[in-house]
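Colleague: Sharing a structure below in structure tokens format, with a few things to ask.
The values are calculated or read from the model by the stated rules, or taken from the named source; none is laboratory data. Please read these numbers as outputs of a predicted model, since none were measured by experiment. Ideal geometry is used to build each Cβ from the backbone, glycine not excepted, and the neighbour counts take in all protein chains shown.
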Amino acid sequence: MTDITLSSVKKIYKPGLFKKNVQAVNDLSFAIRKGEVFGLIGPNGAGKSTTIRMILGLIRPDSGRILFRGKPFRESPILQEIGYLPENPYLYDHLTLLELLNFCGQSSSLDSKRIKMRGQELMLKLNLLEAQKRPLRTFSKGMLQRAGICFALLHDPSVVILDEPMSGLDPIGRKMVFDLVMELKDQGKTIFFCSHILNDVERLCDRIGLMHKGRLIKEFAREDFLPNTVNSVFLHTAKISQSQLDKVQVLGGTARNEGEGHLLAIPDEKYFQVNRYLEESGVDILGCRSEWLSLEDLFMQAVKEQNQ
Amino acid sequence: MRRLLTFLIFLVAIGVYFPLCQGMWKSREQSRANTPTGYMIPSKFSRILALGNQGLLSDFLFLKIATHVGTKVGMEQPFGEGDWRFVASGLNVVTDLDPYFVDPYFLAEGLLAWDAGQPELANQLLAKGTNYRRNDWRLPFFIGFNNFYFLKDYETASGFIMAASQLPGSPDYLKTLGARLAYYGGKSKTALLFLQEMLAETDDPLLRQRLAKRLRALELAVMIEEAIGKFRARENRPPKSMDELLSSGYLHALPLDPYGGDWIMSKDGRVFSSSRFADAPPSK
Amino acid sequence: MKSVLALATITFKEGIRNRSLFGIALLSLFLFGLNISVAGFFMRDIGKVTVDMNLSALTLAGLLLVFFVGINLIAKDIDRKTIHLVLSKPISRAQYICGKYLGIQFFVTISLLLLLLLSCLTVGLLFKLYPAYFIGFSWLIFFEACLFVLIKFWVLTAVVVFFSSVTTSSLITLIFSLGSYIAGVTIEEVVFYLKTELAAQEKIISESLRTFIDVVSYVLPNFSVFDFTLEAAHGLVVTSDRLLLSLGYAIVYIVIMLSAAAYIFSRREFH
């Protein structure tokens, strides 16, 4: 059961009379399943924000279809179920946070009691309670971002779309948002977000899509980079022979190629065994890694491939 | 250092500004005095140019006319043809913008009928007013007065006075005045009553002065006329001269014409003055 | 409907807390003070002059409010992309237009009502000072005139909303709306002037110009129909059929403007 499906969506952006047309989104197809966290990454100008705007109905695709739970945009109560946080949200200067949230709730047809309850709950979670009666123009960037998150989540949507949710936040704020997203995930919500911060994307997402020049050039699943490698040590070794690799696998480690040599993932409890074996076999240890597969490397790799 | 410099420049500029400003205002006063009479936007376009603020524009233009006249009077400058054209066309525009506005009609009566000596022009404007201010007795009253006093058209005057007497708020004696006008025509006593009523209706101090002076002259003329009347009744003939009237005792003293003229007696017993009850024009 | 009201509420609040309001209020105070001082220059019709100045001051204030605050209440939404947030809620484009319109309209109404209060104080004061020259003045007719000044701005706001839906630049919206206002207050004078001139056989205009004027008299809002300054200034009674006709004209024109705006807006894309 997919929440959001895009099929061969195309969008040409026409900036004006004398400027060239830009293919913002080119034959884009992907699907986001119910309850999963899907991350969309890509270089600037890849078309991520355009894609989000098309899902929300702010822009219409030139061709292709966007379905929400199997039904096209107009027929489904899509917006009632979606919470959206734009990149760098600009909110009304003179309104207070409370008034903004009231508006959010009323436009989603929540009753005032529920609005108050949800509002207080979210503001508490995002540490905005004492600022609730202040006008939004007095808010710092981080506070605005958090206010935007309150706005997106007030009506308890089943689908949450976040465009750069961590941007502008200090480490405390980022942890707050991270925990919140994990919480939403536990609640079974579908989350679609764009980010430049690959670290966050890695940790949060079930699936990752990489966009470049309007196309989805690669899709990764979580298993691709974190295969039962929780609590593992990653060693970068010189090239080892097949028989040695087999032995390592028997001992409990996993191996893959890495540049000139190999990368071994060794579960903590098996570490000493494997290490002793490597020592006995005279295998050179070149270094240590913090992760199995670096998303950054993948990203750069994929972009390089596209540009060729 | 830089702030001090800026402050000094500022002080110098202020110092230069004050005398310069004074000079500028003086120069403007002079150039305004020398420029020909102001231009009045033709009536056709004034309504369009008002951009919906016809009432306000009418007020503004009225003030403009009033100040123009007031300044000239204040500076004791003579009024020329151009001035009266300006006043007449201006008041026309003002009443086109707002025909219910009463001030221009009063000003028209005061200026055009009396000072400019163009009662027909005043009557034209006042007639426009009667189409709109239908319950205002003063407008037909003024027209009637102009016809009586300046144009010597007693029949028309009577008609207007009668019309005025029908309107609410008009003084009671208007009815009889209208009738008398029709009957007596040009008797001085009628004019006297008229002037008294005009004086009661006028607030403008300049006009009041004029009317009071005219009234005084007429009162004196009437006094002399009454003396003549008594003489004729007794002697069965008109007196030969003012002196005979004096010496025979019917008139105790020869009153002074406020306009500085000499009294003239006409054959039918009416009294006039060589001054013609008007101020001599100011010498250029 | 609830969304429309919610959007109207935040638009109203955003407008009323704008600092420009102080400037406009001060200007109006100045004009009212001017009224009191200038009244003495007139001989008799002080009542008329007072009404003229007060209604013109209200009109000027309304124009400033609509053009400098009203336009921005929509333009800023689009410029700063706040509209992305708003449209991500279940609000249709038509509801957005209605909500924005109502918000700006509430804002202009409340502001003008406050200024009207001040205006009444001015008129009352002058009434006490020069009672003899307020003969024929009627508070009822004065309020009727003020009400229709307000209604005039309801129509102008609809025009502003319409142009905002068409163009992205707030300056273009301002120019077109201001142009519409100026045309709207002068159209009646021009049309009737042309009619009298033609009747007087002064054929100074061509046939095509006459057709153009005819078309324009339908398309542009005739703001003179909301102008009861003359009646209020001289205490002339306004018959209820005239009032109803003006009101009806305003409502229908507003509906046309808003529906056109809603349609155009629904075709728009937000990048």
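Colleague: Output the qualifying pairs, or none if there are none: Cβ atoms under 7 angstrom, residues six or more apart or on different chains, first residue in the range C:167-184 and assigned to a helix (DSSP H, G or I), second residue among the polar types (S, T, N, Q).
Modeller: C:Ser170/C:Asn72; C:Thr173/C:Ser164; C:Thr173/C:Thr167; C:Gly184/C:Asn222
Colleague: I've got another one for you. For the range A:166-182, check the following and say yes or no: at least one residue is within 27 Å of A:Arg69 (Cα to Cα), out of contact with any Ser or Thr (no Cβ under 8 Å at 6 or more places or on another chain) and in contact (Cβ under 8 Å) with a residue 60 or more places away in the chain.
Modeller: Yes; the residues of the range A:166-182 include at least one that is within 27 Å of A:Arg69 (Cα to Cα), out of contact with any Ser or Thr (no Cβ under 8 Å at 6 or more places or on another chain) and in contact (Cβ under 8 Å) with a residue 60 or more places away in the chain.
Colleague: Hey, any hits in the range B:70-90 for a residue that's in the same structural domain as B:Ile143 (by TED's automatic domain parsing), over 30 Å from B:Lys213 (Cα atoms) and surrounded by 18 or more Cβ atoms within 10 Å (Cβ to Cβ)?
Modeller: We begin by selecting, within the range B:70-90, every residue in the same structural domain as B:Ile143 (by TED's automatic domain parsing); these are B:70-90.
Retained after the next criterion (residues that are over 30 Å from B:Lys213 (Cα atoms)): none.
No, the range B:70-90 contains no residue that is in the same structural domain as B:Ile143 (by TED's automatic domain parsing), over 30 Å from B:Lys213 (Cα atoms) and surrounded by 18 or more Cβ atoms within 10 Å (Cβ to Cβ).
Colleague: Restricting to the range B:37-56, name every residue that is within 11 Å of chain C (Cβ to nearest Cβ), under 30 Å from B:Pro205 (Cα atoms) and free of Cβ contacts under 8 Å to residues at least 24 places away in the same chain.
Modeller: Residue satisfying the conditions is B:Leu56 alone.
Colleague: Quick one: A:Glu99 ticks every box in (1) within 7 Å of chain C (Cβ to nearest Cβ); (2) buried (at least 18 other Cβ atoms within 10 Å of the Cβ); (3) in contact with a helix residue (DSSP H, G or I) (Cβ under 6 Å, 6 or more places away or on another chain) except a single one, so which number is it?
Modeller: Here A:Glu99 meets the rest and fails (3).
Colleague: Related question: For residues that are in a helix (DSSP H, G or I) and within 30 Å of A:Ile59 (Cα to Cα), tally how many sit in the range C:72-129.
Modeller: Keep residues of the range C:72-129 that are in a helix (DSSP H, G or I), which gives C:72-79, C:82-87, C:93-129.
So of that shortlist, the ones also within 30 Å of A:Ile59 (Cα to Cα) come out as C:72-79, C:82-87, C:93-105.
So the count comes out to 27.
Colleague: Test B:Gly117 against the stated conditions and say whether it is within 14 Å of another protein chain (Cβ to nearest Cβ) and under 22 Å from B:Gly70 (Cα atoms). Full working, then the answer.
Modeller: Working: within 14 Å of another protein chain (Cβ to nearest Cβ): no; under 22 Å from B:Gly70 (Cα atoms): yes.
In short, no.
Colleague: A follow-up question, please. Taking the condition within 16 Å of the chain's Cα centre (by Cα), without any contact (Cβ under 8 Å) to a residue 60 or more places away in the chain and surrounded by fewer than 18 Cβ atoms within 10 Å (Cβ to Cβ), does A:Arg222 pass? Spell out the reasoning first.
Modeller: Details: within 16 Å of the chain's Cα centre (by Cα): yes; without any contact (Cβ under 8 Å) to a residue 60 or more places away in the chain: yes; surrounded by fewer than 18 Cβ atoms within 10 Å (Cβ to Cβ): yes.
Here the answer is yes, as A:Arg222 does meet what is asked.
Colleague: Considering only the range A:190-197, I want to know if a residue exists there that is farther than 20 Å from A:Arg174 by Cβ, buried (at least 21 other Cβ atoms within 10 Å of the Cβ) and in contact (Cβ under 8 Å) with a residue 40 or more places away in the chain. Can you show your working first?
Modeller: Applying the first criterion (farther than 20 Å from A:Arg174 by Cβ) to the range A:190-197 yields A:190.
With buried (at least 21 other Cβ atoms within 10 Å of the Cβ) added as a condition, the list becomes A:190.
If we keep only those that are in contact (Cβ under 8 Å) with a residue 40 or more places away in the chain too, we end up with A:190.
Yes, because at least one residue in the range A:190-197 is farther than 20 Å from A:Arg174 by Cβ, buried (at least 21 other Cβ atoms within 10 Å of the Cβ) and in contact (Cβ under 8 Å) with a residue 40 or more places away in the chain.
Colleague: A follow-up question, please. Let me spell it out: the conditions are (1) closer than 30 Å to A:Arg146 by Cβ; (2) at pLDDT below 85, and A:Lys213 meets all of them except one. Which number is the exception?
Modeller: Single failed check for A:Lys213: (1).
Colleague: Within 14 Å of chain B (Cβ to nearest Cβ), in a helix (DSSP H, G or I), touching a residue at least 12 places away in the same chain (Cβ under 8 Å) and β-branched (Val, Ile, Thr) - does that describe any residue in the range C:230-248?
Modeller: No, the range C:230-248 has no match at all.
Colleague: Identify, please: which residue in the range B:246-273 is over 14 Å from B:Ile228 (Cβ atoms) and within 22 Å of the chain's Cα centre (by Cα) and is, among those, modelled with the lowest pLDDT?
Modeller: Ranking the candidates gives B:Ser273 first.
Colleague: C:Thr50 versus (1) surrounded by 24 or more Cβ atoms within 10 Å (Cβ to Cβ); (2) outside any helix (DSSP H, G or I); (3) not hydrophobic (A, V, I, L, M, F, W, C): which is the lone unmet condition?
Modeller: (2)
Colleague: So which of C:Lys152, C:Lys76, C:Lys89, C:Lys81 ends up being closer than 18 Å to C:Ile10 by Cα, surrounded by 22 or more Cβ atoms within 10 Å (Cβ to Cβ) and within 11 Å of another protein chain (Cβ to nearest Cβ)?
Modeller: Working: C:Lys152 fails: closer than 18 Å to C:Ile10 by Cα; C:Lys76 fails: surrounded by 22 or more Cβ atoms within 10 Å (Cβ to Cβ); C:Lys81 fails: surrounded by 22 or more Cβ atoms within 10 Å (Cβ to Cβ).
Every option except C:Lys89 fails the conditions.
Colleague: Could you tell me which residue of the range A:110-144 is nearest to A:Glu87 (Cα to Cα), considering only residues that are within 13 Å of chain C (Cβ to nearest Cβ), surrounded by 14 or more Cβ atoms within 10 Å (Cβ to Cβ) and not hydrophobic (A, V, I, L, M, F, W, C)?
Modeller: Applying the filter and picking the extreme gives A:Pro135.
Colleague: I'm checking my understanding of the structure. Among residues of the range B:57-88 that are of a type in the set (Val, Ile, Thr) and either more than 22 Å from C:Val38 (Cβ to Cβ) or without any contact (Cβ under 8 Å) to a residue 24 or more places away in the chain (or both), which one is nearest to the other protein chains (Cβ to nearest Cβ)? Walk me through how you get there before you give the answer.
Modeller: Of all residues in the range B:57-88, those of a type in the set (Val, Ile, Thr) come to B:65, B:67, B:69, B:71, B:73, B:87.
Still in the running and either more than 22 Å from C:Val38 (Cβ to Cβ) or without any contact (Cβ under 8 Å) to a residue 24 or more places away in the chain (or both): B:67, B:71.
Numbers: B:Thr67: 8, B:Thr71: 13 Å.
Filtering first and then ranking leaves B:Thr67.
Colleague: Okay, moving on. Evaluate the range B:17-29: report whether one residue or more is more than 25 Å from B:Arg138 (Cβ to Cβ) and surrounded by 15 or more Cβ atoms within 10 Å (Cβ to Cβ).
Modeller: Checked against the condition, which is being more than 25 Å from B:Arg138 (Cβ to Cβ) and surrounded by 15 or more Cβ atoms within 10 Å (Cβ to Cβ), the range B:17-29 yields no hits at all.
Colleague: Restricting to the range C:8-39, what's the tally of residues that are facing chain A (nearest Cβ under 7 Å) and touching a Ser or Thr at 6+ places or on another chain (Cβ under 7 Å)?
Modeller: 0
Colleague: Restricted to the range B:200-237, and to residues that are outside any helix (DSSP H, G or I) and outside the structural domain of B:Trp263 (by TED's automatic domain parsing), which residue is surrounded by the fewest Cβ atoms within 10 Å (Cβ to Cβ)? Give the derivation first.
Modeller: Within the range B:200-237, the first condition is being outside any helix (DSSP H, G or I), and the residues that meet it are B:202-204, B:236-237.
Next cut, outside the structural domain of B:Trp263 (by TED's automatic domain parsing) only: B:202-204.
Values: B:Thr202: 19, B:Asp203: 9, B:Asp204: 15.
Only one residue fits best here, namely B:Asp203.
Colleague: Can you say whether C:Lys48 is over 21 Å from the mean Cα position of the chain (by Cα), within 14 Å of chain B (Cβ to nearest Cβ) and not hydroxyl-bearing (Ser, Thr, Tyr), as far as the supplied structure shows? Steps first, please.
Modeller: Values: over 21 Å from the mean Cα position of the chain (by Cα): yes; within 14 Å of chain B (Cβ to nearest Cβ): yes; not hydroxyl-bearing (Ser, Thr, Tyr): yes.
When the stated conditions are applied, C:Lys48 passes them.
Colleague: Against the definition (buried (at least 17 other Cβ atoms within 10 Å of the Cβ) and more than 14 Å from chain B (Cβ to nearest Cβ)), how does C:Phe265 come out, yes or no? If you could, list the steps in order and put the result at the bottom.
Modeller: Details: buried (at least 17 other Cβ atoms within 10 Å of the Cβ): yes; more than 14 Å from chain B (Cβ to nearest Cβ): yes.
Judged against the criteria, C:Phe265 is a match.
Colleague: Let me ask something else. Of all residues in the range C:124-144, how many are modelled with pLDDT of 90 or more and surrounded by 16 or more Cβ atoms within 10 Å (Cβ to Cβ)?
Modeller: 3
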